[in-house]
Ligand code: ADP
C-alpha cells in the first residue's frame, strides 16, 4: 500500500504551539508528516535555517512519524521528491484565506497530482503567529503561552 505522506511547509520562524497543534493532528491522519522549512523570499528570517530545524526537531522528537527537513526548491517539486501526495496548510482566520487560496491554486497548476489540505488549530492557538511571537519577544513580553519551553529558551539566547 502507498504510504500517505503530507508536507507541512512554512518558515517556522519560530515554530509555535499553533504549528505543533496542527502537526499533532496531522500525524494521526497520515503515515508520515514532513515539516518542510523554507527561507521565505518575501520575509527576512529572524532565525537561521539551522536554528529553525533544530527547534522543530527537538520540539517534535516525541512524535515518531514526523520528519523535519529544509528545502529551497519549488514546493511541489519538494513534495514530489518526497513522494508526498498532500500539501498541508493551516487556516487561522478568514484573513489567511485569500493568500492560501491563491497559493493552493498556483501549486495545483504547477502539479495537479498534489492536493492541498487545510486544517484549523484548536481555538486557543488560532491567534498565534510567528511574527507576533517575534515582536512580543523583541519588546520583552511573555511568550511562554505561545511556544514550547525549549523554543522559548533558544529564542531568549538568540536575542
Ligand atoms: P509561511 O511563511 O509559509 O506563512 P508559517 O511558518 O508562518 O509559514 O506558517 C506555516 C503554515 O502554518 C501556514 O499554513 C500558516 O497558515 C500555518 N499556521 C501558522 N500559525 C498557525 C497557527 N497558530 N495555527 C494553525 N496554523 C498556523
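The values are calculated or read from the model by the stated rules, or taken from the named source; none is laboratory data. For clarity, every value in this text was computed on a predicted model and none was experimentally measured. Backbone-built Cβ (ideal geometry, glycine too); neighbour counts: all protein chains shown.
Considering only residues that are free of Cβ contacts under 8 Å to residues at least 40 places away in the same chain and in contact with a helix residue (DSSP H, G or I) (Cβ under 6 Å, 6 or more places away or on another chain), look in segment 56-70 and name the one that is nearest to residue 39 (Cα to Cα).
Top of the filtered list is 70.
Could you look through segment 8-36, keep only residues that are touching a strand residue (DSSP E or B) at 6+ places or on another chain (Cβ under 8 Å), near the ligand (Cβ under 7 Å from one of its atoms) and in a helix (DSSP H, G or I), and pick out the one that is nearest to residue 73 (Cα to Cα)?
It comes out as 19.
Being part of a loop (DSSP other than H, G, I, E, B), within 30 Å of residue 83 (Cβ to Cβ) and more than 13 Å from the ligand (Cβ to nearest atom) is the filter; apply it to segment 93-147 and report the residue that is nearest to the chain's Cα centre (by Cα).
114
Within the bounds of segment 61-75, is there any residue that is surrounded by 17 or more Cβ atoms within 10 Å (Cβ to Cβ) and in a helix (DSSP H, G or I)?
yes
Residue pairs, Cβ under 6 Å, 6 or more apart or interchain, first in segment 120-140 and on the phi < 0 side of the Ramachandran plot and crowded, with 16+ Cβ neighbours inside 10 Å, second modelled with pLDDT under 95 and part of a helix (DSSP H, G or I). List them.
137/155
For segment 1-47, which residues satisfy the criterion of being surrounded by fewer than 18 Cβ atoms within 10 Å (Cβ to Cβ) and touching a helix residue (DSSP H, G or I) at 6+ places or on another chain (Cβ under 9 Å)?
39, 43, 45 - these are the residues of segment 1-47 that are surrounded by fewer than 18 Cβ atoms within 10 Å (Cβ to Cβ) and touching a helix residue (DSSP H, G or I) at 6+ places or on another chain (Cβ under 9 Å).
Which residue pairs have Cβ atoms closer than 6 Å, lie 6 or more positions apart in sequence or on different chains, and pair a first residue in segment 71-98 that is without any contact (Cβ under 8 Å) to a residue 40 or more places away in the chain with a second residue that is within 14 Å of the ligand (Cβ to nearest atom) and part of a loop (DSSP other than H, G, I, E, B)?
Sorted first by the residue in segment 71-98, then by its partner, the pairs are 91/120.
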